[in-house]
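Values quoted throughout were computed directly from the atomic coordinates according to the rules given, and no laboratory measurement underlies them. Nothing here was measured: the structure is a model prediction, and the numbers come from that model. Cβ placement follows ideal geometry from the backbone for every residue including glycine, while neighbour counts extend to all protein chains displayed.
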Amino acid sequence: MKILHNYSALCIQFLIAIILFSTFNVQAEDYPVTDRDEIIAAMNQAQPGDTLTMANGVWRDQNIQFSGNGVPGDSILLRAETPGHVILNGSSRLSIDGQYLKVDGLRLVGGYNTGSAIVFESGSQHCRVTNTEVSEFNPPNSSTRYHWVILKGSHNRVDHCYLSGKRHSGVVVHVSLSSSPYGFHRIDHNHFADIPEGGGNGFETIKIAGGAYSNLFGNTIVENNYFYRCSGEMEIISNKCHNNLYRYNTFVEC
């Protein structure tokens, strides 16, 4: 009887091991996508750890809605097939709405969208845009005002991006505290370049909050960024709320 008992116990342990091995070795999916509609369809199926791979080429007039939820340690990734070879232009725009979403390797070049180029929506948390370029995203009229990158929500990050050539009214990266939860963002290791004088107020490179929200705590970190010829106005960085941290940033010919 003792031998049978030990054998049964071993069988149970073996079955548990198989179940655990199967659970932790589920293959993440990779969804090839060629336009905004395919991105939306893929996100209706995507699970934490999955990837959406955008086909190389020019994506024109694509209002991309990247909405869904990953989990800590397993973001859902929207990436270029080859970093730098997915170009969004025309009226293209990228909206990020959800938790633990990551965007990697895109270029928004030569178009314009007066709502913004990239926006982290109010519901976004722990989302990230990295290795991405926004350049020459200017409207025909330089007095048309909009911001290139808007950070709403909380705990979002913009890093290792290249942002260059803004020549119209508005801010390159704007942190909005207009909805709750808000703040705790990180803006780091970016290269800001070639922003000529705008001829007045409202041409900052980075702006955190605004007058109506100046009593709030932004809790945002701005660090290890490189500012080259960023002369939009006398405020390169406009700090309009409390408890933000600025460190290790470099300013050249500004």
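Which option, (i) 18.5, 67; (ii) 17.9, 51; (iii) 22.0, 91, is the value of Rg and Dmax of the Cα atoms in Å that was calculated from these coordinates?
Recomputing Rg and Dmax of the Cα atoms in Å here picks out (iii).
Taking the highest mean first, how do the peptides 156-167, 207-218 order by number of other beta carbon atoms within 10 angstrom per residue?
The most tightly packed comes first, giving 156-167, 207-218.
Once each part is reduced to its C-alpha centroid, what is the distance from the stretch 23-98 to the stretch 192-208 in angstrom?
Measuring centre to centre over Cα atoms gives 31 Å.
Below 8 Å between Cα atoms, with a sequence gap of 6+, how large is the relative contact order for the chain in percent?
Worked out over the chain, it gives 11 percent.
Set the bar at 20 Å for Cα to Cα. Now go through Lys102/Lys207; Lys152/Lys240; Lys102/Lys152 and name every pair that lies beyond it.
Where the Cα-Cα span goes over 20 Å, the pairs concerned are Lys102/Lys207.
Helix 2-23 sits at what angle to the longest principal axis of the chain, using alpha carbons and giving 0 to 90 degrees rounded to 10?
Computed tilt is about 20 degrees.
List every residue whose amide H lies under 5 Å from the amide H of Asn219, counting only residues 5 or more places away in sequence or on a different chain, with H placed 1.01 Å from N in the peptide plane.
Amide H neighbours of Asn219: Phe184, Asn244.
For labels at Ser142 and Phe217 in the simple 7 Å Cα→Cβ model, what's the distance in nm?
4.1 nm
If I stretch the segment between Asn56 and Ser122 completely, what's the gain in nm (0.36 nm per residue apart, minus their alpha carbon distance), one decimal?
20.8 nm
Using 7 Å Cα-to-Cβ label points, what is the Phe251/Ala41 separation (nm, one decimal)?
In this crude label model, Phe251 to Ala41 measures out at 5.0 nm.
Could you run the Karplus curve 6.51 cos²θ - 1.76 cosθ + 1.60 with θ = phi - 60° over the stretch 182-188 and give me ³J(HN,Hα) per residue in whole Hz, x for Gly and Pro?
For the stretch 182-188, the Karplus-derived couplings read 8, x, 6, 8, 9, 10, 8 Hz, x marking Gly and Pro.
What's the magnitude of the charge dipole for the stretch 15-156 around its Cα centre, counting Lys and Arg as +1 and Asp and Glu as -1 at the beta-carbon? Answer in Debye, nearest 20.
Result for the stretch 15-156 is approximately 420 debye, rounded to the nearest 20.
Could you run the Karplus curve 6.51 cos²θ - 1.76 cosθ + 1.60 with θ = phi - 60° over the stretch 91-103 and give me ³J(HN,Hα) per residue in whole Hz, x for Gly and Pro?
Whole-Hz 3J(HN,Hα) from phi for the stretch 91-103: 9, 4, 7, 10, 10, 10, 9, x, 10, 6, 10, 10, 10.
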